[in-house]
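Read through the structure below, which is laid out as structure tokens, and then see the notes.
Bear in mind that the values in this text are calculations on the coordinates, not laboratory data. Worth saying up front: this structure is predicted, and the values here are computed from it rather than measured. Glycine also receives a Cβ, built like all others from the backbone with ideal geometry; neighbour counts cover every protein chain displayed.
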Amino acid sequence: MKVEVEQSRCVASGQCAMTAPAVFDQSDDDGTVVVLDAAPAPPEQGRARQAAAMCPGSAILLR
């Protein structure tokens, strides 16, 4: 799995960071998503998928 984000779509809700804190964080400047692990190990992949599904701006792309 490869995690990418489309910054322009991020609405800084923080759902991703709460759902998958090993994969995502929020910028201190504007609260937008920061990818901590672009290639998460299998134990984190389920949480990354859930975070992508919950993202209100559909900013998280999983490949």
Exercise. So, in Å, what gap is there between the alpha-carbon centers of region 36-51 and region 1-34?
Worked result: 12
For this session: Return, ordered by residue number, the residues of region 17-37 whose backbone nitrogen is under 16 Å from a label point located 7 Å along Cα→Cβ of Gln50.
Result: 17-25
Problem set entry | Between helix 42-54 and the chain: long-axis angle, C-alpha atoms, 0 to 90°, nearest 10 | 40
Exercise. Which of the GluC sites (Glu not before Pro) found in the chain are loop residues per DSSP with 14 or fewer other Cβ atoms within 10 Å of their Cβ?
Worked result: Glu6
For this session: For the chain, list log₁₀ I(q)/I(0) at each q in 0.13, 0.16, 0.18, 0.28 Å⁻¹, using the Debye formula over Cα point scatterers of equal strength and ignoring solvent, two decimals each.
Result: -0.25, -0.39, -0.50, -1.27
